[in-house]
Each structure stands twice: as C-alpha cells, then as structure tokens.
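The values are calculated or read from the model by the stated rules, or taken from the named source; none is laboratory data. This one's a predicted model, so the numbers in the text were calculated from it and none came from an experiment. Positions of Cβ are generated from backbone atoms using ideal geometry, with glycine treated the same way; all protein chains shown enter the neighbour counts.
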Amino acid sequence: MEYKLLSKRLKEILKMENEAVGIKFLNDNHLAENYDQTKKYTFCQFIMKAREGNKLLATSQNISCANGGSALGFMPVPDKLMSGEFLEHLGTFEKEGAKKTMEEMPRFEQNQYTGIALAPLSELDFEPDIIVLESMPEHFMWLSLASIHKKGGRLNFSTSISNGTCVDITVVPWLTQKLNVSLGCYGCRNATNIPDDNLLAGFPGKQLEEIVEALEKISTKAMPRTREKKAYTRLISETIR
C-alpha cells in the first residue's frame, strides 16, 4: 500500500497540519526491532512523538501511565482506578461516577499484546491495525462522512472523557472495527501539545484506502461548496442591503 501517497492525500484534502499515525498491535516485539523502545511515555505522548516523525514501540516496560497501560492490557488495573479513588482525586469525577466509568471502560485483555508499534503514516513499514489523527472538528466531519459515504447510516461515538487516546481512538476502533472520534481527556490534554480546538479520531487501518477514496469524491463538490460558505455570504450580503 502506498502509505506516503495516502498520507499526503489525507492531509491535503482535509487540510490537516498534523501527520496521521499508524498503530500495529504485536504479539512478537522482535517484529519491531528498529523501533525505539528506550523512551518512557504515556500512550498519548507515544502518539504525539510518532506524529512528529518517530518510530516507537510501546511496551509494559516503557509506558508511564497506569491508566492507559492497564487499558491496553500491559498491566493489571490498579485498585485506586477501579475504586474511583484516582479519578476523584484528579477532580474529573465523583467517586461513584468514576467507579462506574472504570467498570464500563473498554479494555484489551491482560497480555493480549506484547507491544504496540507506532509510526507516521507516511513512513509505515507495516500494515496498520489503527490509524489515529489529531485535528480540527471540521476535518473530522468530512472524515466521518467518508467512513459512511458508500454504505450510509448513522455514526455513534464512544467516550467517557477519560482515556481519550488509549481507549477512545485505539481500543474502541479496534474492538468495534469502526471510526471513533474523541473529545480528548484530562490526560492527553495535560500531557501532550494538543491544541484546545483539536479533537482525536481513530479508525481501522484496513479502511484507509476506502476512506481516502471517499474523501477524494467528497472533495470534488460537497467539500469546496461548504468551505466557500456561499449561502452564508449571500445571507450577509442581503442583510447589508
């Protein structure tokens, strides 16, 4: 697959500043021997660093966030998380609400994967399981439309405003095999350089070509007309008169 070209088209059509990131779930970390596993990051930081051009391997040994690490199956869920105590301490939930949120959190099974390889989409040397993006809401409107351009229907996005990167745009798209869009969370907005007006999205890697093809079609008519705001311009001109 021409990942460099697909990355270029995805950025050009959506007008994204950021590079998309490809993620691969591994059962044998030797398959990513040329990927840096010496750095210790939260999972949202792994994605940020991959977006900036790095090829990285996240494992149970170098993931620095117990919340994300446990959601990805790299470690048991800490008691303070499951009880709601940790999120209550952060100030994001009351204790019972935090407990319910943790109980309903989609997660990988313990040791389901030995590692997660991450790289910029344009530099992928593996078939990605998940493609993740960070960009503006308008960009994800078109991305979401592209995901149902052919089959139609409605989209339902899953989030608890907790684990916005590790769960919302990594675990959820893999388990559902559908696009998911996230508003982010305390962790990723605290630990990365994500702008206040950006959102996050993740979708199965096998859908990449179909989504880019749909965006190509949408960009010939619907997208430019909407971005030109002709109807709004006409309203303003009529008001001035």
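Scan Ala214, Ala201, Ala231 and give me the residue that is closer than 26 Å to Tyr3 by Cβ, among the small types (Gly, Ala, Ser) and part of a helix (DSSP H, G or I). Matching residue, one of Ala214, Ala201, Ala231: Ala214.
Among the residues here, Ser219 does not qualify as farther than 30 Å from Thr170 by Cβ and surrounded by fewer than 19 Cβ atoms within 10 Å (Cβ to Cβ).
For Ser70, indicate whether it is surrounded by 20 or more Cβ atoms within 10 Å (Cβ to Cβ), modelled with pLDDT of 95 or more and out of contact with any strand residue (DSSP E or B) (no Cβ under 6 Å at 6 or more places or on another chain). It is true that Ser70 is surrounded by 20 or more Cβ atoms within 10 Å (Cβ to Cβ), modelled with pLDDT of 95 or more and out of contact with any strand residue (DSSP E or B) (no Cβ under 6 Å at 6 or more places or on another chain).
With respect to being farther than 17 Å from Phe46 by Cβ and outside any helix (DSSP H, G or I), Lys206 falls outside the description. Among all residues of the range 118-137, there is at least one that is closer than 30 Å to Glu94 by Cβ and in a helix (DSSP H, G or I). Looking only at residues of the range 183-203 that are among the polar types (S, T, N, Q) and buried (at least 17 other Cβ atoms within 10 Å of the Cβ), we find that the one that is nearest to Cys44 (Cα to Cα) is Thr192. For the range 158-170, residues that are out of contact with any Leu (no Cβ under 8 Å at 6 or more places or on another chain) and part of a loop (DSSP other than H, G, I, E, B) total 3. On the stretch given as the range 16-33, residues that are surrounded by 14 or more Cβ atoms within 10 Å (Cβ to Cβ) and either basic (Lys, Arg) or part of a loop (DSSP other than H, G, I, E, B) (or both) total 5.
Within the range 34-50, the set of residues being surrounded by fewer than 22 Cβ atoms within 10 Å (Cβ to Cβ) and out of contact with any Phe, Trp or Tyr (no Cβ under 9 Å at 6 or more places or on another chain) comprises Asn34, Asp36, Gln37, Thr38, Lys40, Tyr41. Return a yes/no flag: does the range 159-172 have any residue that is among the hydrophobic types (A, V, I, L, M, F, W, C) and over 17 Å from Gly205 (Cα atoms). Yes, the range 159-172 has at least one match.
Take the conditions closer than 19 Å to Met136 by Cα and modelled with pLDDT of 95 or more and apply them to Lys24. Does it pass? In short, no. Any residue in the range 109-123 that is free of Cβ contacts under 8 Å to residues at least 60 places away in the same chain and either in contact with a Lys or Arg (Cβ under 9 Å, 6 or more places away or on another chain) or surrounded by 17 or more Cβ atoms within 10 Å (Cβ to Cβ) (or both)? Checked against the condition, which is being free of Cβ contacts under 8 Å to residues at least 60 places away in the same chain and either in contact with a Lys or Arg (Cβ under 9 Å, 6 or more places away or on another chain) or surrounded by 17 or more Cβ atoms within 10 Å (Cβ to Cβ) (or both), the range 109-123 yields no hits at all. Scanning the range 55-91 for residues that are hydroxyl-bearing (Ser, Thr, Tyr) and farther than 21 Å from Tyr113 by Cα yields one hit, Ser83. One residue stands out among those in the range 30-63 that are of a type in the set (Asp, Glu) and at pLDDT 95 or above: the one that is nearest to Lys4 (Cα to Cα), which is Glu52. Look at (1) among the charged types (D, E, K, R); (2) touching a residue at least 60 places away in the same chain (Cβ under 8 Å); (3) in contact with a Gly (Cβ under 7 Å, 6 or more places away or on another chain) and you find that Glu96 fails only one, number (2).
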